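Trainee: If you scroll down you'll find the structure; I have some questions about it.
The values are calculated or read from the model by the stated rules, or taken from the named source; none is laboratory data. Computed from a predicted structure; not experimentally measured. Reconstructed Cβ throughout: ideal geometry from the backbone, glycine too, with neighbour counts over all protein chains shown. The protein model used for the area step is the full one, side chains on, heavy atoms only, and it has no ligands, DNA or RNA in it. Shrake-Rupley method; radii C 1.70, N 1.55, O 1.52, S 1.80 Å.
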Amino acid sequence: MNRRYVIHSASKPPPNRGPIEGGGTWVVNKPNGYYLGFASAGSSFELAFTSASGWHYGRVHGFIDLCGWIVPDAIKLSAPHQATPPSCSAASRNAHVHRLSLGKNFNLAPHVHGGAGDGTHVAVRHPCNFHRNYFRGSSLHGGHWSAGLTVSGKVFYRFTTRFPSTNPAAVVRAEGLGWGFIPLSHITALPPHLSNAND
């Protein structure tokens, strides 16, 4: 049996500082990896595995219903928890380690600044809807926009989602909002120095 915990507002891992925007935690493809989504404080997390560095792997229950990694202080291992049947396997944990399983047209070559490296400043059409979640389920086929916010001016582009191929999203960082997704069509021009080394 696994253990199910309540997610708390988490802190950005080093070298970043301060709380994660939105009052919850990032969900990423591996420790210090690429952004897959957001789990709000108060949501439920089924813990399957904790790395030596303290990152937690398991399933975020609720809207995104996604297996992924969350930052070390997003759950309190000393807190009360309930037993729950496992729903994220080791095979599932390894399925999205490679970035090409989740995206394409990354703004940096592999391993530059790690998966958590920053984006490239790009202009967006106004108004532009910003969503903290897009993927729903561990297949990462996307297209499920969560309740949105609005950004204007510029955002920091990181990569384009692989699915769905006909209507992908861009993973971006917006000042004051943090990491999230916008329609790729809302970016006026992609950065000219996209990495060609997508492997």
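Trainee: Anything in region 6-26 that is assigned to a strand (DSSP E or B), out of contact with any helix residue (DSSP H, G or I) (no Cβ under 7 Å at 6 or more places or on another chain) and under 17 Å from A147 (Cα atoms)? List them, or say none.
Mentor: The answer is G24, W26.
Trainee: Here is a list: G42, G33, G54. Which entry is within 14 Å of K12 (Cα to Cα) and more than 17 Å from the chain's Cα centre (by Cα)?
Mentor: G54
Trainee: Just give me the residues in region 123-143 being modelled with pLDDT under 95 and either open to solvent by 80 Å² or more (accessible area, probe 1.4 Å) or in contact with a helix residue (DSSP H, G or I) (Cβ under 8 Å, 6 or more places away or on another chain) (or both), in sequence order.
Mentor: Matches in region 123-143: R125, H126, P127, C128, N129, R136, S138, L140, H141.
Trainee: I need every pair where a residue in region 2-24 that is without any contact (Cβ under 8 Å) to a residue 60 or more places away in the chain has its Cβ under 7 Å from the Cβ of a residue that is of a type in the set (K, R), sequence separation at least 6 or different chains.
Mentor: Qualifying pairs under 7 Å: G18/K12.
Trainee: Right, here's the next one. Name every residue in region 1-25 that is out of contact with any Pro (no Cβ under 8 Å at 6 or more places or on another chain), on the phi < 0 side of the Ramachandran plot and open to solvent by 30 Å² or more (accessible area, probe 1.4 Å), in order of residue number.
Mentor: R3, R4, V6, H8, P14, P15, N16, R17, P19, E21
Trainee: Which residues, counting only those in region 157-172, are crowded, with 17+ Cβ neighbours inside 10 Å and either farther than 11 Å from V124 by Cβ or basic (K, R) (or both)?
Mentor: Those that are crowded, with 17+ Cβ neighbours inside 10 Å and either farther than 11 Å from V124 by Cβ or basic (K, R) (or both): R158, F159, T160, T161, R162, F163, P168, A169, V171.
Trainee: Let me ask something additional. Residues that are at pLDDT 90 or above, assigned to a strand (DSSP E or B) and open to solvent by 50 Å² or more (accessible area, probe 1.4 Å): does region 174-182 have at least one?
Mentor: There is no residue in region 174-182 that is at pLDDT 90 or above, assigned to a strand (DSSP E or B) and open to solvent by 50 Å² or more (accessible area, probe 1.4 Å).
Trainee: Looking at this structure, is N29 touching a strand residue (DSSP E or B) at 6+ places or on another chain (Cβ under 7 Å), within 25 Å of N167 (Cα to Cα) and at pLDDT below 90?
Mentor: The answer is no for N29.
Trainee: Within region 60-78, restricting attention to residues that are aliphatic (A, V, I, L, M) and closer than 23 Å to G18 by Cα, which residue is modelled with the lowest pLDDT?
Mentor: L77
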